[in-house]
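Everything on this sheet refers to the single structure shown next.
The values are calculated or read from the model by the stated rules, or taken from the named source; none is laboratory data. Since the model is a prediction, treat every value here as computed from it, not as a measurement. Cβ: placed from backbone, ideal geometry, glycine included. Neighbour counts: every protein chain shown. Heavy atoms of the whole protein, side chains included, go into the accessibility calculation; ligands, DNA and RNA do not. Shrake-Rupley method; radii C 1.70, N 1.55, O 1.52, S 1.80 Å.
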Amino acid sequence: APVEGTRLWRLLAFSPAIAATLGLTWVIHGWFAAQGISVIEAILLTLICFNFFWIAFSVSTVALGLVSLARREPPARPTAMQPQKVALLMPIYNEVPWYVLGNARSMLEELRARGGGQHDYSMFILSDTQDDAIAAQEQESVQALLASLSPGLKLYYRRRSRNTDRKVGNIADWVANWGAEYPAMLVLDADSLMTGRAILRLTDALARDPG
């Protein structure tokens, strides 16, 4: 029965922790008892045993979890591939524009070289840059990149006038306004550079099991 099984697992989790704690208590008590146990020693013994119990309980719980996972049958996963529309988000803040956009171009071009699988990728450069000079460089660099990208590659640039909540707020703003168009997204840092193979593997894994 499920109730009896739960009781057994609880017994297996608590028993080693209790036994180990009692053993430690007996050993430490023997050290302190030679000259009599003072109040300080009694408090120290209590704190040591209390903390040791939780450590031992955590270890036994993890061990039982590993045993349970090892015994469990792996769930059947759907093999049909559902093509994904994926947004690659790169929030930036006063970064070196050509370095960031160079990484963006490398990832997009490698995805194109690999065929992109069945998926549709779009790169979004989400700028929170507050320095107008750097922002001007960003815009010039984006225009130059768009002019040189291979046909079919999608790259978009947007700069917020106020960087509310910094990069996290930038991503949240994108999700609120454009996220509904993309069932999947991959958030990259300004200095991120992933291989097209890695991005495709992540997307394929998601496409096989959207849940």
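Quick check on region 61-91: of everything there that is of a type in the set (S, T, N, Q) and more than 29 Å from L155 (Cα to Cα), which residue is modelled with the lowest pLDDT? Show your work before the answer.
Initially, region 61-91 is screened for residues of a type in the set (S, T, N, Q), giving 61, 68, 79, 82, 84.
Applying the additional criterion that residues be more than 29 Å from L155 (Cα to Cα) yields 61, 68, 79.
Working: T61: 91, S68: 81, T79: 62.
So, considering only residues that are of a type in the set (S, T, N, Q) and more than 29 Å from L155 (Cα to Cα), the one modelled with the lowest pLDDT is T79.
Of all residue pairs spaced 6 or more apart or on separate chains, those with beta-carbon atoms under 8 Å, a first member in region 53-82 that is outside any helix (DSSP H, G or I) and surrounded by 10 or more Cβ atoms within 10 Å (Cβ to Cβ) and a second member that is among the polar types (S, T, N, Q) and at pLDDT 80 or above are M81/Q118. Inspection of region 33-40 finds a residue satisfying the criterion of being in a helix (DSSP H, G or I) and at pLDDT below 85. Only a single item in (1) over 18 Å from the mean Cα position of the chain (by Cα); (2) open to solvent by 70 Å² or more (accessible area, probe 1.4 Å); (3) in contact (Cβ under 8 Å) with a residue 12 or more places away in the chain is not met by N163, and it is number (2). Of all residues in region 106-133, those satisfying the criterion of being open to solvent by less than 40 Å² (accessible area, probe 1.4 Å) and of a type outside the set (F, W, Y) are M107, L108, L111, G116, H119, S122, M123, I125, L126, S127, D128, T129.
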